[in-house]
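Visitor: Below is one structure. I have some questions about it.
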Amino acid sequence: MPQNEYMDRWRKLHGRRLDHEERTRKKAAREGHKASEDAQKLTGLRAKLYQKKRHHEKIQMKKQIKAHEERNVKSSAPNEPSTTPLPQYLLDRSNPTNAKALSSAIKNKRAEKAAKFSVPLPKVRGIAEEEMFKVVKTGKKTAKKGWKRMITKPTFVGPDFTRRPVKYERFIRPMGLRYKKAHVTHPELGVTVNLPIISVKKNPQNPMYTQLGVLTKGTIIEVNVSDLGLVTAGGKVVWGRWAQITNNCENDGCVNAVLLV
Amino acid sequence: MATVLPPPSKRQRTDAADRARLQQNIEEVPKDAGSLRLQFYDETTGLPIGQGPVLVPVADATPRNLELLLNTLQGHDPSEYIPYRFTLPVPDKKTSETTTTAFPTNIYKTLISPGLISTEEVQNISAAPQAVFRVQAVSRCASSIPGHGEAILATQFSPRSSAKMVSGSGDNTARIWDCDTGTPIHTLKGHTSWVLAVSWSPDDSKIATGSMDNTVRLWDPKTGKQLGNPMKGHTKWVTSLAWEPYHTQQNGQPRMASASKDATVRVWSANQQTIELVLSGHKGSVSCVKWGGTGRIYTGSHDKTIKLWNDKDGTLVHTLNSHAHWVNHLALSTDFVIRTAFHDHTGKIPETKESKVSQAKDRFLKAATIQGEVVERLVSASDDFTMYLWDPSKGTKPVARMLGHQKQVNHVTFSPDGLLIASSGFDNHTKIWNARDGKFINTLRGHVAPVYQCAFSPDSRLLVTGSKDTTLKVWDMRTHKLSVDLPGHKDEVYAVDWSPDGQKVGSGGKDKAVRVWRH
């Protein structure tokens, strides 16, 4: 039996110490003092670990506070009607209109023909093959001929991908650099949503990179917007929508994109 | 050498194969299928028709034959045969609950051979009389008329015909449209904020509009000019309007009720434009007002209650408490006849004032009389996901509680023949209920966003729903299936109305264009 189960059993048989509540209260009350002492006294690796832990805690705390604040703002929603006209039956309801606004903004933009082919990032830095690929030199034959390449940039690999046998695998897409989701921003609304990537539509560097699913700055990806609940004019639910990557994913460790409208 | 016909082409061969397959599919009812024992019930009253069950051979049991049989049973004259809609309870195999389904064309194939019903039991068929005229399902957008500068919040057709429609919009105007040509007729300018409610008087002579600027205004639909001054009195915006039914109006002095967010309902004299009555008693925004044909005003409010008022002196008659949340909408079983007064499906308008009143009264009594009593039923939709069916003349207890919606119920309507209730809610579904006992009949699934409004066709055979998902959908009330899908709006559909003569459907929404749909 593991230790904790023994402890548990003992507790069930004999109960807690009589001063247990008081001790926990005091311990909790001293927690601040303990934290401050640790922050001042610890040195070396322990200090580093402690600071990291504390840093994460603080982030969580701030997020929570912010969430609470936002909730409070919503509850005291403006009594006066919004600027967009609403029918009588929707007037006193707080409607989440974001996703809806998204779809109508997209439709309005579609009407302008010229905007059809323009993208937020029209020009990108060229990436040489030397930067993109690393020559793999493992094993006797591979090293001798030098035909195997490792992709050094983040990639999107579809869910149904299975690796080929090692002998035939010319390009390796490292597991650690694969992404499934992107932070997609709507340019006009300024809302950002974390959405699953469906596919890579176009990598401006090289058509081969498109095939390989390389995610670099300026790449057009297709993202899954189904949970936003957009609807086409025909009443069908919109599923995929294109977005352009705006950051250097290999430096940042995340994919940020802007929705093409 | 004899001419040899060329071998059949591939198209000919596939056509022939198709034809052969189709011919195979025609199912014969076997001779020994026996007979069905049918007991007819009148859907309006729930009482049996005729003495005891009737024996009908299975092969002959089609809705058309049953119609003939029932008309003969009731001794109708052959020139006055009434079409009927037949439904029967069918037990569900999995849940062992019974569902009401339409009587199928081939009952042997659909119900008897799967073992759902047997020929040894008496089948209880309820027969609902249908309108003698038939409305065709709207299927195309006849015109999309731009003009409004902001979202359209309310629409209504003229009671006289489908030629004119009024729409209220967020651009502070209401507009009258000629729906035959798809052109604007008049712009009713005057309000200083959104027009939230529009209502055509039952005699087609006036239009009332209620607005966000707390006023009610009256307009002449012929000239598009405002009648008199803005009617001030409310301290918050006007949510709903209701005209006094034509047959209870005192000679030429129509009245109109307006409900407001300020928790009051004001009854105005339309000629003097003065406040006749102030119905105060609600503690929250009054979301809906209806004027019944039996001297009652019905109001539903956000304070969870429904109140009944006497329209003569404005005294409170009843308070109906049952809802646990806001009451969003009310509907009366006589809504349609009250709205259309003396305008019937023939399009003939009586000459004199007296004959107009008597025709309006006749139509009202015909629609409201069940077993010799004038019964005006009320159904209320609420934010507590339920609806209640009330019979206010029988007391303050509800007839039925209608459960099933999974989100707030936004809109509810009675069919013009008073046999069905349709309710649409934020759970994307529209549900159909029996208006006599409030029993659930079916759910109409298809919209992918909240359904805001629904409207029955005047013959009660079709229903149109407008939704946030930018489409209108037309549903068949016999099969409870989607009849026509009408995409075309570019944004949410806020308001939809079916014209009283059944020709057209008008809709408006956030995309600022009024659309007229027709067959």
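Visitor: DSSP beta bridges in the protein assembly as shown, what fraction antiparallel, as a percent rounded to 5?
Guide: Once the DSSP bridges in the protein assembly as shown are tallied, antiparallel ones form about 95 percent.
Visitor: Quick one: what does P(r) look like for segment B:18-161 with 10 Å bins over all Cα pairs, in whole %?
Guide: 9, 30, 25, 18, 12, 6, 1
Visitor: Restricting things to alpha carbons, tell me how big the protein assembly as shown is in terms of Rg and Dmax, in Å.
Guide: Over the protein assembly as shown's Cα set, Rg and Dmax evaluate to 34.3, 119 Å.
Visitor: Now, a different point. Can you work out ³J(HN,Hα) from phi for every residue in segment B:491-505, in order, using Karplus 6.51 cos²θ - 1.76 cosθ + 1.60 and θ = phi - 60°, giving whole Hz and x for Gly and Pro?
Guide: Listing the rounded values in order: 8, 3, 9, 8, 9, 9, 8, 9, 5, x, 8, x, 6, 9, 10 Hz.
Visitor: Let me ask something additional. Keeping all protein chains in position, work out how much accessible area B:R478 exposes to a 1.4 Å probe, and write it in Å² to the nearest 10.
Guide: Roughly 100 Å² of B:R478 is accessible to a 1.4 Å probe.
Visitor: Mind ranking A:E21, B:E28 by accessible surface for me, highest first, 1.4 Å probe?
Guide: Result, largest first: B:E28, A:E21.
Visitor: Can you list the residues, at least 5 places off or on another chain, whose amide H is less than 5 Å from the amide H of A:T219, using H built in the peptide plane?
Guide: Here the answer is A:I245, since their amide H atoms fall under 5 Å of that of A:T219.
Visitor: Obtain the nm distance between the two label points defined at B:E28 and A:T142 by a simple spin-label model: each point lies 7 Å from its Cα along the Cα-to-C-beta direction.
Guide: The two pseudo-label positions are separated by 7.3 nm.
Visitor: If you look at just the Cα atoms of chain B, how large are its Rg and its Dmax in Å?
Guide: Expressed in Å, the Cα Rg and Dmax of chain B come to 25.1, 102.
Visitor: Another question about this same structure. At what distance in nm do the modelled label points of A:E5 and B:D220 sit from each other, each positioned 7 Å from its Cα along Cα→Cβ?
Guide: 9.3
Visitor: Using a Debye calculation, one point per C-alpha and no hydration shell, please list log10 I(q)/I(0) for segment B:65-124 at q = 0.14, 0.23, 0.25 Å⁻¹ in order.
Guide: Debye output, listed in q order: -0.49, -0.98, -1.07.
Visitor: To continue, here is another question. For chain B, give the magnitude of the charge dipole about the Cα centre (Cβ charges: +1 Lys/Arg, -1 Asp/Glu; no others), in debye to the nearest 20.
Guide: 980
Visitor: Considering amide H positions built from the backbone, and no H for Pro or chain starts, which residues 5 or more places from B:D344, or on another chain, come under 5 Å of its amide H?
Guide: HN-HN under 5 Å from B:D344: empty list.
Visitor: Can you put A:M132, A:M1 in order of accessible area, largest first, using a 1.4 Å probe?
Guide: Putting A:M132, A:M1 in descending order of accessible area: A:M1, A:M132.
Visitor: If ligands, DNA and RNA are left out, what is the accessible area of A:W239 with a 1.4 Å probe, given in Å² to the nearest 10?
Guide: Around 150 Å² of this residue is reachable by solvent.
Visitor: Divide the volume of the convex hull of the Cα atoms of segment B:370-419 by its number of residues and quote the answer in cubic angstrom per residue.
Guide: 85
Visitor: Given a Förster distance of 60 angstrom, what is the FRET efficiency for B:K189 paired with B:D437, based on the Cβ-Cβ distance and rounded to 0.05? Intermediate results must be reported in sequence, preceding the final value.
Guide: Values: r = 48 Å, r/R0 = 0.80.
For B:K189 and B:D437, the calculated efficiency is 0.80.
Visitor: Measure off 7 Å from each Cα along the Cα-to-Cβ vector at A:K123 and A:A47, then give the distance between these two points in nanometres to one decimal.
Guide: That separation, rounded to one decimal, is 4.8 nm.
Visitor: Also, quick follow-up: How large is Rg over Rh for segment B:294-452, taking Rg from the Cα atoms and Rh as the Kirkwood inverse mean of 1/r across Cα pairs? Walk me through the intermediate numbers first.
Guide: Numbers: Rg = 16.5 Å, Rh = 16.5 Å.
Result for segment B:294-452 is an Rg/Rh of 1.00.
Visitor: Binning at 10 angstrom from zero up to the longest distance, how are the C-alpha pair distances of segment B:259-303 distributed in percent?
Guide: 28, 52, 19, 0
Visitor: What does the charge count around B:V399 come to, taking other residues whose C-beta lies under 13 Å from its C-beta (Lys +1, Arg +1, Asp -1, Glu -1)?
Guide: Around B:V399, the charge tally is +3.
Visitor: Which semi-axis lengths, in whole Å and largest first, follow from the square roots of five times the eigenvalues of the Cα gyration tensor of segment B:140-243?
Guide: Each semi-axis is the square root of five times an eigenvalue, giving 21, 15, 11 Å.
Visitor: Right, something else. Once amide H atoms are built 1.01 Å from N in the peptide plane, which residues 5 or more positions from B:T173, or in another chain, come under 5 Å H to H?
Guide: Those lying under 5 Å, H to H, from B:T173 are B:V195.
Visitor: Percent of alpha carbon pairs in segment A:148-261 separated by more than 23 Å?
Guide: 31
Visitor: What number of lysine-lysine pairs in segment B:412-495 show an alpha-carbon separation below 23 angstrom, given a sequence spacing of 8 or more or placement on distinct chains?
Guide: The number of close lysine pairs in segment B:412-495 is 9.
Visitor: Once you have the Kirkwood Rh of segment B:387-519 from its Cα pairs, apply Stokes-Einstein at 10 °C and 1.306 mPa s and quote D in µm²/s.
Guide: 106
Visitor: Treating only the Cβ of Lys, Arg, Asp and Glu as charged (+1, +1, -1, -1), what charge dipole size does segment B:189-321 show about its Cα centre? Round to the nearest 20 debye. Mind dumping the intermediate values first?
Guide: Details: 16 positive and 10 negative charges, 51 e Å.
Here the size comes out at about 240 debye.
Visitor: Stokes-Einstein D for segment B:239-356 at 4 °C, 1.567 mPa s, Kirkwood Rh over Cα pairs, in µm²/s?
Guide: Numbers: Rh = 14.8 Å.
The calculation lands on 87 µm²/s.
Visitor: Express the Stokes-Einstein translational diffusion coefficient of segment B:164-203 in µm² s⁻¹, to the nearest whole number, given a Kirkwood radius over alpha-carbon pairs, 10 °C and a viscosity of 1.306 mPa s.
Guide: D = 150 µm²/s.
Visitor: Which whole-Hz ³J(HN,Hα) couplings does segment B:403-413 yield from phi under the Karplus relation 6.51 cos²θ - 1.76 cosθ + 1.60, θ = phi - 60°, glycine and proline marked x?
Guide: Ordered by residue, 3J(HN,Hα) equals 9, x, 5, 9, 9, 4, 9, 9, 8, 9, 9 Hz.
Visitor: With a 1.4 Å probe on protein heavy atoms only, work out how much accessible surface A and B bury together, total over both chains, in Å² to the nearest 100. Don't skip to the answer; put the middle values down first.
Guide: Values: alone 19730 and 23150 Å², together 40600 Å².
It comes to approximately 2300 Å² buried between A and B.
Visitor: Using +1 on the beta carbon of Lys and Arg, -1 on that of Asp and Glu, and nothing else charged, what's the dipole of the protein assembly as shown about the Cα centre, debye to 20?
Guide: Dipole size: approximately 5760 debye.
Visitor: Taking the DSSP beta bridges in segment A:139-261 as the whole, what percent of them are antiparallel, to the nearest 5?
Guide: 75
Visitor: If you project the alpha carbons of segment B:201-306 onto the principal axes, what extent comes out on each, in Å, largest first?
Guide: Principal axes ranked by extent give 40, 32, 18 Å for the Cα atoms.
Visitor: Taking θ = phi - 60°, what integer Hz values does the Karplus form 6.51 cos²θ - 1.76 cosθ + 1.60 yield along segment A:10-22, in sequence order, with x for Gly and Pro?
Guide: Running phi through 6.51 cos²θ - 1.76 cosθ + 1.60 with θ = phi - 60° gives 4, 4, 5, 6, 10, x, 7, 4, 5, 9, 4, 4, 5 Hz.
Visitor: Kindly rank B:166-173, B:323-330, B:298-305 from highest to lowest mean number of other beta carbons found within 10 Å of each residue.
Guide: The densest-packed peptide leads the list: B:166-173, B:298-305, B:323-330.
The values are calculated or read from the model by the stated rules, or taken from the named source; none is laboratory data. Keep in mind that this is a model prediction, so the values were computed, not measured. For neighbour counting, all protein chains shown are included, and Cβ atoms are generated from backbone atoms with ideal geometry for every residue, glycine included. SASA here: full protein model, heavy atoms, side chains in, ligands and nucleic acids out. Shrake-Rupley method; radii C 1.70, N 1.55, O 1.52, S 1.80 Å.
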